[in-house]
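Here's the structure we're looking at; comments come further down.
The values are calculated or read from the model by the stated rules, or taken from the named source; none is laboratory data. Because the structure is a prediction, the values reported are computed rather than measured. Cβ placement follows ideal geometry from the backbone for every residue including glycine, while neighbour counts extend to all protein chains displayed. Only protein heavy atoms, including side chains, enter the accessible area calculation; ligands, DNA and RNA are left aside. Shrake-Rupley method; radii C 1.70, N 1.55, O 1.52, S 1.80 Å.
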Protein chains: 2
Amino acid sequence: MPKKIMESREELRTAMIDAAERIITEQGVEALTARRLAADLNIAVGTTYNVFRQMDDLISEVNARTIAKITSIITGVDKSARKSDELLMAYADAYIGFVTANENTWAALFVGEVDPESESHKRNLAQTLHLFSYIEEALSAVSPETDQSEIQASARALWAAVHGMLSLVAHGRHSILGLGNIRDAINVLITNHVAGMKAKR
Amino acid sequence: MPKKIMESREELRTAMIDAAERIITEQGVEALTARRLAADLNIAVGTTYNVFRQMDDLISEVNARTIAKITSIITGVDKSARKSDELLMAYADAYIGFVTANENTWAALFVGEVDPESESHKRNLAQTLHLFSYIEEALSAVSPETDQSEIQASARALWAAVHGMLSLVAHGRHSILGLGNIRDAINVLITNHVAGMKAKR
């Protein structure tokens, strides 16, 4: 990026998030340091700390963009005329596609210290819970009289399962599952879960 | 460790694995370096490379011990007179207990480059697949006529789900699940999965 005078604090803030997102995308979150960021933006290292007191706050802003992208992909899934397990698999496929194409930004969602009181964390958490509501809606359709708390637990357990499998792939531990295709394992989990909820209602 | 002359290569090898296990247990796998290991054992840094060409091979040996401990905990679960979902939850509880008490050695199972051709990796993989066979046995009891390949996929998907939830806890991302107790989410997953397999048979 050419050297330029940032016209406002807001402009500098956006430039820092842009640069952080680029570094994370290209080299992973470990590559993101105040020194690297300052060099990329032609600013003093100290200046970065004037805007974000700690790198984790900056990562949180990049994560907000990542969550927004995932939201846009999930909300883009066609919900019409599908059985619940098919719709859930369509969500899983959309998520797998995003993770595969954006492994570094996805991995950044799960690193760094989170300050539970920070605005950025609260916003990211609210967005994530909104995403879960799509899974919950599909599960409620399977079993409308099931307790909402159990629907929530089901939705989060299924997502965590997908997360677990994808993180094994990301860490090259995929072979532990002894499966050629992670999608098949996810499908087995979803179809059995939905069949179980139907059977119990 | 007091300075001593290692009497044989085998003795040095064992001392290195002992020291690596201690470092990983106390400070996590990131703390394990050839320099740190050499200092702990009062040997030259170069000597460490004579025994393990790379740190990942040493981590693999520590992982073999960790897998042996998990195996001993899983094989110690009382299998008598339980329904399949109860037995699976007992396995999950045993695993959760191990992970909670041994977070650093557990996390080391999923880091480092794995050489798929190495003896240590092959041995660890075989041991892990043996562990999965306990889950598969419990699932086969639910639905004896189900294809073995589907039983395997079910077992690995359920384990990956538990792995996913525990890794969220380990990374402080537990709050995403919005659940006080990770065990409840695991229980929901297991009971629905088993009910689904029963319904489909």
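Condition check: at pLDDT 95 or above, under 23 Å from B:Leu168 (Cα atoms) and β-branched (Val, Ile, Thr). Does B:Thr100 satisfy that? No; evaluated as a whole, the condition is false for this residue.
Here is a yes/no grid of residues against (1) part of a helix (DSSP H, G or I); (2) in contact with a Leu (Cβ under 7 Å, 6 or more places away or on another chain); (3) under 27 Å from B:Glu30 (Cβ atoms):
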position	(1), (2), (3)
A:Glu30	yes, no, yes
A:Asp40	yes, no, yes
A:Arg53	no, no, yes
A:Leu58	yes, no, yes
A:Ile70	yes, yes, no
A:Ile74	yes, yes, no
A:Ser80	no, no, no
A:Asp85	yes, no, no
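Checked against the criterion of being away from every other protein chain (no Cβ under 12 Å) and under 24 Å from A:Ala155 (Cβ atoms), the candidates A:Ile96, A:Ile59 yield just one match: A:Ile96. Return the total of residues in the stretch A:69-122 being aliphatic (A, V, I, L, M), out of contact with any helix residue (DSSP H, G or I) (no Cβ under 7 Å at 6 or more places or on another chain) and within 28 Å of A:Val142 (Cβ to Cβ). Within the stretch A:69-122, residues that are aliphatic (A, V, I, L, M), out of contact with any helix residue (DSSP H, G or I) (no Cβ under 7 Å at 6 or more places or on another chain) and within 28 Å of A:Val142 (Cβ to Cβ) number 2. Residues that are in contact (Cβ under 8 Å) with a residue 24 or more places away in the chain and not charged (D, E, K, R) within the stretch B:111-130 comprise B:Val111, B:Gly112, B:Val114, B:Ser118, B:Ser120, B:His121, B:Asn124, B:Gln127, B:Thr128, B:His130, listed in sequence order. Considering only the stretch A:25-35, state which residues are over 14 Å from A:Asp57 (Cα atoms) and either under 17 Å from the mean Cα position of the chain (by Cα) or open to solvent by 60 Å² or more (accessible area, probe 1.4 Å) (or both). Matches in the stretch A:25-35: A:Thr25, A:Glu26, A:Gln27, A:Gly28, A:Glu30, A:Arg35. Among the residues of the stretch A:45-67, those identified as of a type outside the set (S, T, N, Q) and out of contact with any helix residue (DSSP H, G or I) (no Cβ under 7 Å at 6 or more places or on another chain) are A:Gly46, A:Arg53, A:Asp56.
Within the stretch B:99-116, the set of residues being more than 13 Å from chain A (Cβ to nearest Cβ) and either assigned to a helix (DSSP H, G or I) or at positive phi (or both) comprises B:Thr100, B:Ala101, B:Glu103, B:Asn104, B:Thr105. The set of residues from the stretch B:68-116 being under 13 Å from the mean Cα position of the chain (by Cα), open to solvent by 70 Å² or more (accessible area, probe 1.4 Å) and not basic (Lys, Arg) comprises B:Ser72, B:Thr100, B:Ala101, B:Glu103.
Checked against the criterion of being under 14 Å from the mean Cα position of the chain (by Cα), of a type outside the set (A, V, I, L, M) and under 27 Å from B:Ser149 (Cα atoms), the candidates A:His163, A:His121 yield just one match: A:His163.
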